[in-house]
Amino acid sequence: MGTVGTALLELRSAQKSAKGVSLYSRFVNRPVGRCLAAVSHGLGLTPNQVTLVSAAFSFAAIAAVMVGEPSWGLGFAVWLGLFLGFAFDSADGQLARLRGGGSPAGEWLDHVVDCAKITALHAAVLIAFYRHPEHFGATDESWLLVPLGFQWAAVVTFFGGLLTEKLKPRPAPGSPAAAPSTLRAVALLPVDHGIFCLVFLLLGAGTGFRWAYTVLACFSVLFLAAFLMKWFRELNAVPR
């Protein structure tokens, strides 16, 4: 326990900037991930192993959406798997910083798992709509376009954000981190993965799940348009 407690203390002073992070990620996912990182450190796990644990929880939940019968119990199990997968996704990076920094291979693995999770999760919802149209009130096949559109927006947002960070000039070493904006942190809640995971608690509600999922899909598309304009302006301002 001493090792875990010491790790927690060290991790509190080794957190990434809260700039551009939603309230959920800042006050729920990162703190939970910090505890998981400390426990993982005490168990002697590597960041890559923690990434694989994250993938195991996430993909087990995704498989349950695809093959399970929609119910309140299944919805809770899916949410729990996604919640833990997201928390371990935060833990792997925190564990890497605790151990002195990550590796290119570790960063690559983390991003590949994230991309696979995003695409598979929306594909799972599409399959659920197709297999149980009466339960979700999706007898009109046009509803199958919703998870396709959500998947498209999520993948483009993920890739666009990742590429923007790679192309933007890095701040000078020792530069103070920009202060996080509470208004921005609240505004980002509709497109936070943790908030999205909560929707699966409504799997037993049928049409309630479909409408909640559709609302978040609309937010995802709207935010994508805003992000693309913002990212292009930032990169266009970078000197040649």
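The values are calculated or read from the model by the stated rules, or taken from the named source; none is laboratory data. What you are looking at is a predicted structure, and each value in this text was computed from that prediction instead of being measured. We place every Cβ from the backbone using ideal geometry, glycine too, and count neighbours over all the protein chains shown. Heads up: the accessible areas ignore ligands, DNA and RNA and are worked out on the full protein's heavy atoms, side chains in. Shrake-Rupley method; radii C 1.70, N 1.55, O 1.52, S 1.80 Å.
Of the listed requirements (1) of a type outside the set (Gly, Ala, Ser); (2) more than 18 Å from ILE127 (Cβ to Cβ); (3) touching a residue at least 60 places away in the same chain (Cβ under 8 Å), MET66 misses just one: (2).
For the stretch 202-240, give me each residue that is within 26 Å of GLY85 (Cβ to Cβ), of a type in the set (A, V, I, L, M, F, W, C) and either open to solvent by less than 60 Å² (accessible area, probe 1.4 Å) or modelled with pLDDT under 95 (or both). Passing the criteria: LEU203, ALA205, PHE209, ALA212, LEU216, ALA217, PHE223, LEU224, PHE227. For the stretch 127-148, filtering for residues that are touching a helix residue (DSSP H, G or I) at 6+ places or on another chain (Cβ under 6 Å), crowded, with 19+ Cβ neighbours inside 10 Å and either in a helix (DSSP H, G or I) or without any contact (Cβ under 8 Å) to a residue 40 or more places away in the chain (or both) leaves 5. Could you say whether any residue in the stretch 14-21 is modelled with pLDDT under 90, under 16 Å from the mean Cα position of the chain (by Cα) and small (Gly, Ala, Ser)? Among the residues of the stretch 14-21, at least one is modelled with pLDDT under 90, under 16 Å from the mean Cα position of the chain (by Cα) and small (Gly, Ala, Ser), which makes the answer yes. The residues of the stretch 100-119 that are open to solvent by less than 60 Å² (accessible area, probe 1.4 Å) and acidic (Asp, Glu), listed by number, are ASP110, ASP114. Of all residues in the stretch 187-199, none satisfies being under 26 Å from TRP79 (Cα atoms), open to solvent by less than 30 Å² (accessible area, probe 1.4 Å), in contact with a Gly (Cβ under 9 Å, 6 or more places away or on another chain) and aromatic (Phe, Trp, Tyr). Among the residues of the stretch 150-157, at least one is within 24 Å of ASP89 (Cβ to Cβ), open to solvent by 90 Å² or more (accessible area, probe 1.4 Å) and hydrophobic (A, V, I, L, M, F, W, C). Selection of the stretch 44-69 for residues being exposed (fewer than 15 other Cβ atoms within 10 Å of the Cβ) and either modelled with pLDDT under 95 or touching a His at 6+ places or on another chain (Cβ under 7 Å) (or both) yields only GLY44. The criterion of at least 3 residues that are hydroxyl-bearing (Ser, Thr, Tyr) is met by the following helices (runs of 4 or more DSSP H) wholly inside the stretch 151-240: 207-236.
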